[in-house]
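Sharing a structure, written as structure tokens. Questions coming.
The values are calculated or read from the model by the stated rules, or taken from the named source; none is laboratory data. This structure is a prediction, so every number in the text was calculated from the model and none was measured. Here the Cβ positions follow ideal geometry from the backbone for every residue, glycine too, while neighbour counts run over all protein chains shown. Calculation scope for accessible area: heavy atoms of the full protein, side chains included, ligands and nucleic acids excluded. Shrake-Rupley method; radii C 1.70, N 1.55, O 1.52, S 1.80 Å.
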Amino acid sequence: MSGSPPVSAVMITLNSARILPAVLEALTWCDEIVVVDSGSTDQTLAIARQFGCRVLHRDFDGFGRQKGFAVEQARNPWVLVVDADEVVTAELRSEIQLRLAEAEAGTLSFRGFNVPISLVFLGRLMRYGGEYKMPHLRLFDKRFGNYNSARVHEDVVLNGSVGKLTHHMLHDSYGSLHEYFEKFNRYTTAGAHDLQSRGRHGSVAQVVFRFPVTFLKEYLLKQNFLNGYPGFVWSLFSAMYPVVKYAKLRELESRRDRPTAKGA
């Protein structure tokens, strides 16, 4: 679009070939695509190079640091951060170009924009519950901010006002339940380490009572029951997540407090 500043799309990858062609095809309007990979052994790198991406390697040390590094490699001030399982819709692309043209012309003073992201789970767009059009700060001027260093659930720290876009990205994160639990295991482990680094402790009550409370909140209060079977499964797994994370935190604490063979 005329007047729209150049945009760098950035993403981090690790064995992300499943829907990567669709993800990259939806980003061909960007002036560059930066891919920071942490050791893929599938077709991820070949697919990225096929689409002309600038591919870099960096050992993974947490989502915040990894995404922050990727943002730093962008050649343009405006960056669009996309996960390797998120597809930018045509409507969102047009909206981004329009809003950035307005920002370039000085009619908008925003330094970043929250992008709505909607979950696709078990083949269904989750139109109800908290996973529909959930806003995330993914489009921003990197001269005014970048990601924090959180291992998981990383956030952009931005010095400036943030606008909100209307159209969404589609987050097709899990190709199968097997893949879901592979990610589940990585995220809960990283989350437990993050809690430990912040001085949090895993009590028995947190492990025991979080499951029913979280399930009822997700399934009934957030109305995931309207999503049918995928809504039930999502609520079940969402309730399991904090339980496993805090159980892993307790395991880390028990290892730390456990006497060594030498000191026993």
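What do you get for the angle between helix 228-257 and the principal long axis of the chain? Use alpha-carbon atoms, 0 to 90 degrees, nearest ten.
The angle comes out at about 60 degrees.
Might you tell me the accessible area per residue for the stretch 122-264, computed with a 1.4 Å probe and given in Å²?
On a per-residue basis, the stretch 122-264 sits at 58 Å².
Taking all protein chains in place and a 1.4 Å probe, what share, in percent, of the accessible surface of the stretch 106-202 do carbon and sulfur account for?
C and S fraction of accessible area: 48 percent.
Roughly how many debye, to the nearest 20, is the charge dipole of the stretch 75-144 about its Cα centre, given +1 on each Lys and Arg Cβ, -1 on each Asp and Glu Cβ, and no other charges?
120
Sticking with this one: Tell me the mean residue ellipticity at 222 nm calculated for the chain from its helices only (DSSP H runs of n ≥ 4, each -39500 (n - 2.57), averaged over every residue, nearest 500).
-13000 deg cm²/dmol
A further question on this structure: Lys and Arg at +1, Asp and Glu at -1: add these up for the other residues within a Cβ distance under 14 Å of residue 224 and post the number.
Charge balance in the 14 Å sphere: +2.
Under the definition of Cα pairs under 8 Å and six or more residues apart, what whole-number percent is the relative contact order of the chain?
The normalised contact order for the chain reaches 18 percent.
Averaged per residue, what accessible area in Å² does the stretch 1-109 show with a 1.4 Å probe, protein chains only?
43
Now a separate question. Placing +1 on the Cβ of each Lys and Arg and -1 on the Cβ of each Asp and Glu in the chain, which of 153, 203, 167 has its Cα farthest towards the positive end of the resulting dipole?
Highest projection toward the positive end goes to 203.
While we're on this one: How big is the Kirkwood radius of the stretch 106-234, worked out from every pair of different alpha carbons and given in Å to one decimal?
17.1
Please list 248-256, 26-34, 46-54 highest first by mean number of surrounding beta-carbon atoms within 10 Å per residue.
Per-residue mean Cβ counts within 10 Å order the peptides as 26-34, 46-54, 248-256.
Please get the size of the charge dipole for the chain, origin at its Cα centre, with Cβ charges of +1 on Lys and Arg and -1 on Asp and Glu, quoted in debye to the nearest 20.
Its charge dipole is roughly 920 debye.
Which of the peptides 4-17, 131-144 is most tightly packed, and how do the rest follow, going by the mean number of other Cβ atoms within 10 Å of each residue?
Order by mean packing, descending: 4-17, 131-144.
Moving on to the next point. Whole-Hz Karplus ³J(HN,Hα) for the stretch 209-219, in order, using 6.51 cos²θ - 1.76 cosθ + 1.60 and θ = phi - 60°, x for Gly and Pro?
8, 5, 4, x, 5, 5, 4, 5, 5, 5, 7
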